[in-house]
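FYI, it's all coordinate maths here, none of it is from the lab. This is a predicted model, so every value here is computed, not measured. Here Cβ is always computed from backbone atoms with ideal geometry, including for glycine, and neighbour counts include all displayed protein chains.
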Amino acid sequence: MRILPAQADDVSKLLAFREEAAAWLTRLGSDQWQRPYPADRLLATIEAGAVFMVMDGNATAATITLTPDAEQGLWTEEELQEPSMFVNKLTVARTHAGQNIGGRLLDWAGERAYRAGAKWLRLDAWTTNEALQRYYLTQGFEYVRTVREGGAVNGGPRVSGWLAQRLTGPAEHGFEDQTPDPEAPSTRY
């Protein structure tokens, strides 16, 4: 399997990929990702070079967004002074479930962040998805805190505010990495 940057013409494929994941989550009883994701936001993230796809031949096996930009209101100013990269929208195709692709992708993200000079690989997970939170803990992440207020809609309840982090470092992920060298994350002073 190889990992490469997503391209602008992958938007519809990635939106369909997310819809598949949302339907699966619904079957599991989760309310995660029930609102459609805006295509223009996804395109902007792709154009920023932060969206990556795992390809198994011609099939998309997984996707991840890895960015130096933290979502506003989640991390403290002190935490934001530490070089970090942030994982978002990690999704594995149901056809490729059970093969530890998600774990390997997190290892790839941690190594990429390390090569960029980041100390931390950080993420925020769906506040009500306890199974996902347990998954990240089994992948070496440490729980930081849960932020429940200051969501994107009118500052209301935050749906994705369970915060976790793990140190970055070299990793054996097993992907053929076809991505450009990472840029160093910025820190806020």
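So for each of 41-53, 169-181, 80-92 I average, over its residues, the number of other beta carbons within 10 Å; can you give me the resulting order with the highest mean first?
Result, highest mean first: 80-92, 41-53, 169-181.
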Exercise. Could you give the alpha-carbon Rg of region 52-160 over 2.2 N^0.38 Å, rounded to two decimals?
Worked result: 1.12
